[in-house]
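Where a number appears in this text, it was derived from the coordinates with a stated rule and is not lab data. These figures come from a predicted structure and were not determined experimentally. Cβ atoms come from the backbone with ideal geometry, glycine included; neighbour counts cover every protein chain shown.
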Amino acid sequence: MKVVIRTDKLSKYYGKHGAIKAVDELDLEVYEGETFGLLGPNGAGKTTAVRLLNCIIKPTRGTATVNGHDILKEEVKVKRVTGLLAESPGLYEKLSAYEFLEFMGALYDVPSNVLRERIDDLLKLFGLHDRRDDLLEGYSRGMKQKVLIAAALIHDPPILFLDEPTSTLDPRAALMVKDLIKKLANGAGKTIFICSHILPIVEELCDRIGIINQGRLIALGTVDEIIAQTRTKTLEEAFIAITGGVEEKELLAWREHRRDEA
Amino acid sequence: MTRHKWLVVARNEYRIRTSNIRKIRPYFPYLVIVLLAIYVSFIAPRLFSLFIDDILAFIITYAAIPIVQIILFMVFFYFIIIPITNTLKEVQTEQLEIFLAAPIKPSDVLLGEFLGVMPFYAIVVTVIAGSFTALMTPMQLDLAQIAITITIFVLTFFSALWIGTVTASILRTRLGKTARGKDVGRALALIIALPMIALMYAIMGGGLLQALTDPQTSGMVRTVLSVLPSSWGAEVFIGFASNPGNIGATGFETLTRFGGLVAFFLAALWLGAKAANRAYSLEATTFAASRARPDGVFYKTVRRLGGGGPFGTLLVSMFKDYGRRLENLSKIFYMLGLLALLNIFLIQPDDPEGILVMTAFVLPLLSAFVVGEVTLRGKEALFIYKKAPSGIGRLVKARLLKGWLIVVPISAVVTIATSLINPKNTLAFLLINTGLVVLMVAATVIFVLGLFLLNPAFSDKSGNLFVNIMIVMQALPFGTFLIPLIILREVFDLGLYATLSYVTVPLSWLMGILLLYLGKRKLSRIE
């Protein structure tokens with residue numbers, strides 16, 4: 001299988017003498033057409049990894065290739081082959097959905113004649129065509145997320161990065177996004193890189209997953225492989241076993257302490 | 001054919017700015033051009049022809065050049081700080097990710113953002129340049145002189161706007177990544193206006209213009225002004241006005257000043273483009289989180305003043321939340337700066353009533369800044385109190401006490417300091433003045449708290465905030481102080497102190513208590 005994302009000791013350090021290791025020597029391969037999930041607790045380094053792979057920030061050490069393009073030497077080429085749904089994206093609230101997608105298409109050099117048709121198609125797909133001229137400030141959170149996913153798809157990139165794609169959505173919108181991701185992976189043959197801490201999403205959508213904690217990749221494989229590696233029964237248990245969690249007996253310790261004092 | 005990326009960004013920026021007039025957007029540029037053409041061709045020439053004799057007399061005075069330089073400097077400075085202030089008020093970096101993930105150069109983003117807002121500033125530049133041209137046309141300038149005049153305006157103001165845009169973008173990137181940075185931005189947004197206010201007050205009451213007409217006192221100001229790029233054009237204008245139709249008479253001056261301005265504009269463009277990479281970055285600048293220290297003497301005292309129990313803790317929490325926002329501290333600093341400037345430039349030290357008039361008009365704004373933020377954090381912040389037992393009563397009590405503990409001491413110190421400027425003022429004068437100010441300000445705090453609860457502003461963009469500020473700044477001092485003062489003077493021949501003692505103070509307290517009662521009632525009904 002063709003490798004479309006390959007990282008080689010990819011690292012991003014911050015602070016004095018690189019004391020804070022946001023991403024630490026990440027070695028990873030993602031294959032063409034697969035849906036890969038990067039799983040980790042808050043602050044684990046998922047968003048930093050995505051930003052590095054999209055050439056938004058530069059690595060402290062190491063490098064990576066995306067669709068064969070080096071993230072250090074071929075920034076523009078990398079950006080053209082990727083679409084990104086950021087974790088906390090900035091929408092232009094004073095633009096309509098159509099205007100925003102038109103702007104995004106122009107940024108990615110989509111020819112004008114193709115762009116109009118594609119915007120219409122995407123807005124129809126997401127059920128937003130009737131409200132295409134409404135300003136985004138009047139959209140619900142789910143509708144805004146749909147517009148942002150449409151924006152990530154506007155230049156029809158072969159690789160799609162989705163950073164927490166459903167974390168702010170209600171169940172209905174989340175289901176719609178999940179179905180769309182499945183279709184993009186299976187029907188359109190896109191390579192999808194999902195970052196999330198919502199385990200069922202990753203479990204349902206991803207062919208393989210990587211678990212990252214404190215910047216380091218600590219597990220890699222299919223869901224079944226990771227469960228087997230950790231000798232647990234579910235992905236949730238495996239995740240806790242790998243990343244650590246609060247022991248059950250500690251949960252009410254604060255109350256016991258007060259009782260002792262009394 | 002692919003479009004230039006800066007054009008895409010500029011178009012987007014223009015669309016954002018004109019989203020409120022989307023229906024007339026296609027005709028908007030034509031409408032503006034027609035209106036500006038009417039102003040420049042018909043209105044301005046007729047308007048300025050009325051003053052042409054005075055203008056001609058002014059041109060030959062010694063003060064002409066520095067006064068035009070000051071006017072140009074003020075507009076130049078204004079064009080620099082407007083984009084900075086707009087950015088600092090609400091530092092947003094979310095959209096940066098869109099640009100950084102796209103195949104676009106930072107310099108294209110910067111140029112696009114600049115060009116996108118330029119049409120709106122171009123309207124102002126056209127009005128100013130059109131007015132100046134209309135002023136100078138009757139002097140029979142030739143075409144070359146008029147063309148250079150217009151070009152000078154364009155270069156001067158657009159280089160200022162470019163500097164402002166670049167600086168704003170860099171500040172946005174530096175400050176926008178952390179909550180602390182955003183707070184610093186909001187704090188700076190207000191403070192940055194103080195130099196401009198100082199200059200205005202210096203012109204209005206500080207005798208700056210008079211000093212400039214005097215060759216002996218204007219030397220230093222002239223030297224300072226001549227260094228500023230905004231001033232170079234002024235020397236060319238005055239040269240043209242003194243030698244209409246004869247560009248050769250001031251050939252060397254025109255060449256050096258105009259050439260200098262062109263070089264400055266190009267240098268600013270080049271340096272700005274170089275700085276673009278710094279202006280668009282999502283690299284983290286700091287990971288150091290602000291940490292709370294153990295309570296010191298100040299918070300312990302506040303806790304004691306609040307009774308030491310749960311209410312004292314509540315009061316201290318409010319002080320901490322207020323004091324740790326630089327934005328709040330900058331508002332107090334801004335008010336102190338304003339009071340200092342008023343004292344320096346506008347209030348005469350030997351005018352005892354001036355101090356009281358100043359406090360009656362300026363200190364209500366301080367109260368509004370300190371107490372008016374009661375609802376600014378949104379309804380959810382208020383619901384915390386609504387949920388707690390007797391929460392609303394405690395919120396009102398704590399906010400009132402907090403307002404008094406901040407505003408009253410500041411007002412007292414300011415009054416004492418301003419009274420002490422004139423050594424002739426007696427101790428009795430100082431005590432009476434301070435006492436009256438304290439009573440007035442304490443009532444104002446109640447009034448403001450009541451008003452902001454009755455007409456809550458849940459964000460700093462709310463129209464209610466503007467209405468409330470206007471009531472506090474205009475209706476309150478006029479209604480309780482100035483109008484009663486005029487009436488009592490005319491009808492009963494009573495003076496300032498009698499008005500303050502018999503009308504202003506009791507009326508402010510009465511209105512304050514009434515508003516606070518109504519505000520508290522409204523608060524309990526907010527859903």
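Note that region B:5-279, at 10 °C in a medium of 1.306 mPa s, gets a Stokes-Einstein diffusion coefficient of 77 µm²/s from its Kirkwood radius over C-alpha pairs.
Can you give me the convex hull volume of the Cα atoms of region B:399-527, divided per residue and expressed in Å³? Don't skip to the answer; put the middle values down first.
Numbers: hull volume 15.6 nm³, N = 129.
So the per-residue Cα hull volume is 121 Å³.
Restriction of the GluC sites (Glu not before Pro) in region B:78-187 to DSSP coil positions whose beta-carbon has at most 14 other beta-carbons within 10 angstrom yields B:E90, B:E94.
Placing +1 at every Lys and Arg Cβ and -1 at every Asp and Glu Cβ, with all other atoms neutral, what dipole size does chain A have around its Cα centre, in debye to the nearest 20?
Numbers: 36 positive and 40 negative charges, 100 e Å.
So the dipole magnitude of chain A works out to roughly 480 debye.
How about region A:118-222: which chymotrypsin sites (Phe, Trp or Tyr not before Pro) there lie in a loop by DSSP and see at most 16 other Cβ atoms within 10 Å? Of the chymotrypsin sites (Phe, Trp or Tyr not before Pro), not one in the loops of region A:118-222 has a Cβ with at most 16 other Cβ atoms within 10 Å.
Could you give the dipole magnitude of chain B about its Cα centre, charging the beta-carbon of Lys and Arg +1 and that of Asp and Glu -1, in debye to the nearest 20?
Values: 45 positive and 26 negative charges, 582 e Å.
Here the size comes out at about 2800 debye.
By the equivalent-ellipsoid construction on the alpha carbon gyration tensor, chain A comes out with semi-axes of 34, 24, 18 Å, ordered largest to smallest. In terms of overall dimensions, the C-alpha atoms belonging to region A:6-130 reach 52, 29, 25 Å along their principal axes, ordered largest to smallest. Taking +1 at the Cβ of each Lys and Arg and -1 at the Cβ of each Asp and Glu, which of B:A234, B:G323, B:I33 sits farthest along the dipole of chain B towards its positive end, judged by Cα position relative to the Cα centre? Farthest along the dipole direction, towards plus: B:G323. Under the criterion of Cα pairs below 8 Å and six or more residues apart, the relative contact order for region A:110-172 equals 37 percent.
If you sort the three axes of the alpha carbon gyration tensor as a ≥ b ≥ c, you get a/c of 1.5 or more for region B:13-115 and a/b no higher than b/c, which makes it oblate. Each 10 Å bin from zero holds the following percent of Cα-Cα pairs in chain B: 3, 14, 21, 22, 21, 13, 5, 1, 0. Loop-resident chymotrypsin sites (Phe, Trp or Tyr not before Pro) (DSSP state other than H, G, I, E or B) in region B:1-75 with no more than 15 further Cβ atoms inside 10 Å of their Cβ: B:Y27, B:F51, B:Y62. Span-like helix criteria (full DSSP H runs; alpha carbon extent of at least 20 Å along the helix axis; mean Kyte-Doolittle hydropathy of at least 1.0) are satisfied in chain B by B:64-89, B:106-136, B:143-175, B:326-341, B:352-371, B:391-421, B:427-454.
From most to least packed by mean Cβ count within 10 Å, the peptides B:308-321, B:435-448 give B:435-448, B:308-321.
With charges only on Cβ, +1 for K and R and -1 for D and E, what is the dipole size of the protein assembly as shown about its Cα centre, in debye, rounded to 20?
1360 debye
Return the equivalent ellipsoid semi-axes of region A:135-186 as a descending list in whole Å, where each equals the square root of 5 times an eigenvalue of the C-alpha gyration tensor.
Numbers: eigenvalues 69, 41, 15 Å².
Semi-axis lengths for region A:135-186 are 19, 14, 9 Å.
For region B:325-525, the residue among B:I347, B:L507, B:F478 whose Cα projects farthest onto the positive side of the dipole built from Cβ charges is B:L507. Pairwise Cα distances in region B:124-211 exceed 19 Å in 64 percent of cases. The calculated 222 nm mean residue ellipticity attributable to helices in chain A amounts to -11500 deg cm²/dmol, summing -39500 (n - 2.57) over DSSP H runs of n ≥ 4 and dividing by all residues. Each 10 Å bin from 0 upward holds the following percent of the Cα-Cα pairs of the protein assembly as shown: 2, 10, 16, 19, 20, 17, 10, 5, 1, 0.
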